[in-house]
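Below is one structure, written out as structure tokens; comments come after it.
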Amino acid sequence: MPDGNALPSIPVPRHLHSIRYEIRGPLARRAWEMERQGLEIIKLNIGNPASFGFRTPEAMRRAIVDNLGDAEQYVHQKGIFSAREAVVAESQSKGVHGVTVDDVFLGNGVSELILMCLEALLEPGDEVLVPSPDYPLWTAAVSLTGARAVHYPCRSEHEFCPDPEEVARLITPRTKALVLINPNNPTGAVYPARVVEALVRLAERHGIVLFSDEIYDRILYDGAKHVPVATLCRDTLCATFGGLSKVYRACGYRVGWATFSGRKSHASSYLQTVELLASLRLCSNVPGQWAVQTALGGHQSIYDLTAPEGRLGRQRTAVLEGVKRSKYLQLVPPAGSLYGFIRVNRERLPKFDDNAFAMALLEEKKVLVVPGSSFNVDYTDHFRTTILPHEDTLKDVFARIEDLLDGWAAT
Ligand code: PLP
């Protein structure tokens, strides 16, 4: 038996070399370390509403507690019937047709379902169209299969909406799927109906699968309207992702769902493969599933929070005001989701670099944000903040940022 020191270090498998998820990367690890040393860090890196005092509706908690006795056993790999039925009713109420309980999969958050739905589809060398910036799990999940994420730009000049003609030019014979994240993380963009419609027609024309991540579907500001992709899609397979984490402030319950709609006649092998992958993990967290019917059928308290005078509405305004007061910052107002994707004006700070900034902000000002380049963009002058802290904290955060950047401008 060789002693421990003589063992060669365990290598990272080659297919994982390119996998990145910097929202919980080295900066976040440094913040945890600083917290362990007793420092107080304002953490704006994760869209985790409960950590800022947003509570899950009481009725959902009660539904879990009341059903704990039934939650001790494995359940169907697609999830419990009442939860899937509630997701079907929700789809119908939005105007999506032809969805049955068999088309709904419950998962341990949307995250797990994204991984399964891509793994069931892709071969090494295949391509998937993914927005840039993206929620980086999407790019990582494509790369894990050996396929390639081909990024289509969503530019600030166009309110971070995709240009369907530009997306069309990126399609090749290897393109298997088109990913939409709407409302978007990190930009907060909510796509107009004409953009959604054009992207759906594009996918239909090329027979590629639509993956629509709509986890923020009810987190909308200033009268923004969300158009569910599935309401417009008829001629190709569409998977829509939703969940309890954001709208219902229950990230820790780990509950998400994928709903398949549109044309399914050609997709039976694919859907069976998704089910096979679902059965490999037996079933998803059962107690959380018991909250789904109550969540979807109950009072939608998220609308009270996103109204202009609601807590999220006011905090979004505080972010917009913080940016407006700054000499360095610019922001396309987020129409939805929980983030601001803020640009730093390079005319005033020519040497600005997002990674160096985020590190300095953490070390010197005890604020954790995510550098823009973590979201698969080819520029380095943005950072993402959540809009979750109270207004006073946000005001304090923007004062700390301004102070840091004043220092940088002076050197
Ligand atoms: N999709 C988007 C766009 C997200 O922002 C997130 C989490 O931040 C997820 C999916 C994953 O959510 P879940 O908690 O359901 O795994």
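The values are calculated or read from the model by the stated rules, or taken from the named source; none is laboratory data. Everything numeric in this text was worked out from a predicted model, so none of it was measured. Glycine also receives a Cβ, built like all others from the backbone with ideal geometry; neighbour counts cover every protein chain displayed.
Key figures
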read-out	value
Any hit, segment 139-153, residues being under 29 Å from residue 17 (Cα atoms) and in contact with a Cys (Cβ under 6 Å, 6 or more places away or on another chain)	no
Single condition residue 299 does not satisfy, out of (1) modelled with pLDDT of 95 or more; (2) not in a helix (DSSP H, G or I)	(1)
Of all residues making up segment 257-285, the number that are in a loop (DSSP other than H, G, I, E, B) and closer than 15 Å to residue 208 by Cα	5
Odd one out for residue 348, checked against (1) part of a helix (DSSP H, G or I); (2) over 22 Å from the mean Cα position of the chain (by Cα); (3) charged (D, E, K, R)	(1)
Flag for residue 187 being over 15 Å from residue 104 (Cα atoms), of a type in the set (Val, Ile, Thr) and within 16 Å of the ligand (Cβ to nearest atom)	yes
Residue among 22, 40 that alone is in contact (Cβ under 8 Å) with a residue 12 or more places away in the chain and exposed (fewer than 10 other Cβ atoms within 10 Å of the Cβ)	40
Helices (runs of 4 or more DSSP H) completely within segment 19-99 that count 3 or more residues being more than 24 Å from the chain's Cα centre (by Cα) and closer than 28 Å to residue 354 by Cβ	26-36
Boolean, residue 132 is within 16 Å of the ligand (Cβ to nearest atom), under 30 Å from residue 168 (Cα atoms) and among the polar types (S, T, N, Q)	yes
Number of the exception - residue 50 against (1) of a type outside the set (Asp, Glu); (2) within 16 Å of the ligand (Cβ to nearest atom); (3) buried (at least 16 other Cβ atoms within 10 Å of the Cβ); (4) closer than 30 Å to residue 365 by Cα	(3)
Pairs with Cβ under 8 Å, 6+ apart, first in segment 208-221 and farther than 23 Å from residue 142 by Cβ and within 11 Å of the ligand (Cβ to nearest atom), second modelled with pLDDT of 95 or more and polar (S, T, N, Q)	219/306; 219/337
Set 357, 352, 383: member being of a type in the set (Phe, Trp, Tyr) and closer than 24 Å to residue 314 by Cα	383
Qualifying residues in segment 224-247 (those that are more than 19 Å from residue 188 (Cβ to Cβ) and not hydrophobic (A, V, I, L, M, F, W, C)) - the one nearest to the ligand (Cβ to nearest atom)	240
Odd one out for residue 303 among (1) farther than 19 Å from residue 189 by Cα; (2) more than 16 Å from the ligand (Cβ to nearest atom)	(1)
Members of segment 104-121 found to be surrounded by fewer than 22 Cβ atoms within 10 Å (Cβ to Cβ) and more than 16 Å from the ligand (Cβ to nearest atom), listed by number	120
